[in-house]
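Below is one structure, written out as structure tokens; the observations come after it.
The values are calculated or read from the model by the stated rules, or taken from the named source; none is laboratory data. From a predicted model like this one, the values you see are computed outputs, not experimental measurements. Don't worry about glycine lacking a Cβ; one is built from the backbone with ideal geometry, like all the others, and counts go over all protein chains shown.
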Amino acid sequence: MSHQTGIQAGNDVKKIFASARNGDEYRVLKIIIENGKQCPRFLEFASSAKKMLSLHLCVKLLQCMPQIFLAHICIPEQLSVGTAKRASKQWDQEYDSLVLPLLEDTMPCYILYRLDSSNNQGHEWIFLAWSPDIASVREKMLYAATRATLKKEFGGGHIKEEIFGTTKDDLNLSGYRKYMTSQAAPLPLTAAEEELRQIKLQEVQTDIGVDTKQQTLQGVAFPLHRDAVAALERFRDKEINYVQLEVDSDHELIRLCNTEPTELRDLPKRIPEESARYHFFLYKHSHEGDYLESTVFIYSMPGYKCSIRERMLYSSCKNPLVDMVENTLNIEIEKKLEIDNGDDLTSDFMYEEVHPKQHAHKQIFAKPRGPTGKRGGRRITRPPTEGKEED
């Protein structure tokens with residue numbers, strides 16, 4: 001907190017402040033610091049004493065004067081109302097015409113400007129602290145050290161905004177609106193702070209519960225090449241029974257790889273041993289006496305024979321591809337499989353995956369029976385008392 005000058009407001013200034021706070025009489029008040037001056041009567045006394053007495057006797061006379069009299073020889077510096085004007089229009093319509101003429105080029109001042117809004121304490125005011133660059137250093141320091149005193153005398157609860165300006169462009173209506181815009185804007189951040197803010201926004205919360213939903217990566221949605229789309233449409237219409245797709249990472253596309261007619265016994269031969277693929281297979285079979293044709297999606301990934309980049313790319317593209325096939329091409333997928341080689345694609349494996357066994361009866365744990373017959377004699381749970389032992 002800066003040091004204060006001790007300059008106070010006079011009684012007449014306090015009366016004007018009370019009237020301005022409680023009513024709408026004033027629109028703008030210009031407050032200045034009135035310089036200290038000597039009392040006129042003391043000047044007349046000193047002039048007469050100089051004619052009659054020597055300089056040495058005048059000094060002796062001043063030393064013998066009571067302190068209360070010496071206090072009234074000089075009037076100290078105090079806050080004073082330089083200009084007070086009434087309101088005639090809305091506050092923004094007469095702002096520049098009332099405020100700008102009060103700003104002197106070489107002298108600081110304070111300006112209190114009343115808005116049309118109010119709070120629970122009364123009318124709201126704007127406090128303008130004017131301190132031009134070409135003003136003297138003493139005046140700048142004097143007004144800067146008295147600003148807090150003026151706000152206290154007027155009432156800080158009535159001041160809505162406080163603006164400091166060194167040029168008229170800072171305190172005109174345009175400058176006031178720029179100041180309000182800057183106050184409402186977010187704080188300026190350095191490059192490091194902005195990067196940290198983005199990291200915090202993208203952080204995934206670590207709380208886990210029944211109702212919590214975690215943010216997860218949705219996948220990379222590479223578009224389908226037109227040949228792949230045409231092949232899947234033919235597969236949907238059952239013109240072909242097998243479609244194989246591959247990811248073209250250079251062009252960021254999912255391209256058609258193979259559409260040869262494939263039976264279940266030939267399906268393991270379609271699985272590459274050193275690269276990943278997507279497969280759509282029309283599984284024709286009978287179940288409980290009914291002939292069925294089920295669409296099976298197979299994602300083949302031959303373990304660590306593929307590069308890390310290829311494994312991540314195929315894994316990220318899988319879910320968006322399946323969603324697009326089901327929702328856009330309207331192909332109902334009965335079963336989704338993930339395999340590392342084609343040896344597991346046997347007839348029994350495929351049937352059990354499409355039609356898993358349902359366990360209608362679940363065996364309940366049988367509680368073992370307790371011991372039968374007599375449980376034996378009664379056991380002594382506590383030792384006999386001392387009296388009975390003596391008997």
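Structure above, values below:
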item: Exclusive hit being among the aliphatic types (A, V, I, L, M) and out of contact with any Pro (no Cβ under 8 Å at 6 or more places or on another chain), set LEU267, LEU253; result: LEU267
item: Test: residue in segment 279-289 that is touching a Gly at 6+ places or on another chain (Cβ under 8 Å) and either more than 20 Å from TYR242 (Cα to Cα) or of a type in the set (Phe, Trp, Tyr) (or both); result: no
item: Filter pass, LYS89 being assigned by TED's automatic domain parsing to the domain that holds ASP169, part of a loop (DSSP other than H, G, I, E, B) and surrounded by fewer than 18 Cβ atoms within 10 Å (Cβ to Cβ); result: yes
item: Failed item in (1) touching a helix residue (DSSP H, G or I) at 6+ places or on another chain (Cβ under 9 Å); (2) modelled with pLDDT of 80 or more; (3) not in a loop (DSSP other than H, G, I, E, B), with ALA18 passing the rest; result: (1)
item: In segment 169-194, the residues that are in contact with a helix residue (DSSP H, G or I) (Cβ under 6 Å, 6 or more places away or on another chain) and in a helix (DSSP H, G or I); result: ASP169, LEU173, GLY175
item: Count of segment 301-325 residues which are more than 17 Å from VAL220 (Cα to Cα) and either without any contact (Cβ under 8 Å) to a residue 24 or more places away in the chain or touching a helix residue (DSSP H, G or I) at 6+ places or on another chain (Cβ under 7 Å) (or both); result: 3
item: Yes/no for GLU310 being more than 25 Å from GLU233 (Cβ to Cβ), in a loop (DSSP other than H, G, I, E, B) and out of contact with any Cys (no Cβ under 7 Å at 6 or more places or on another chain); result: no
item: Some residue of segment 179-194 being buried (at least 16 other Cβ atoms within 10 Å of the Cβ) and more than 22 Å from PHE17 (Cβ to Cβ); result: yes
item: Check on PRO261, within 13 Å of TYR242 (Cβ to Cβ) and either touching a His at 6+ places or on another chain (Cβ under 7 Å) or assigned to a loop (DSSP other than H, G, I, E, B) (or both); result: yes
item: Counted residues, segment 125-146 - those being assigned to a helix (DSSP H, G or I) and surrounded by fewer than 18 Cβ atoms within 10 Å (Cβ to Cβ); result: 8
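Residue-by-condition table, conditions (1) over 26 Å from LEU264 (Cα atoms); (2) at pLDDT 90 or above; (3) among the hydrophobic types (A, V, I, L, M, F, W, C); (4) outside the structural domain of VAL325 (by TED's automatic domain parsing):
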| position | (1), (2), (3), (4) |
| --- | --- |
| GLN205 | yes, no, no, yes |
| ILE208 | yes, no, yes, yes |
| LYS213 | yes, no, no, yes |
| LEU217 | yes, no, yes, yes |
| ALA221 | yes, no, yes, yes |
| ALA231 | no, yes, yes, no |
| PHE235 | no, yes, yes, no |
| ILE240 | no, yes, yes, no |
| GLN244 | no, yes, no, no |
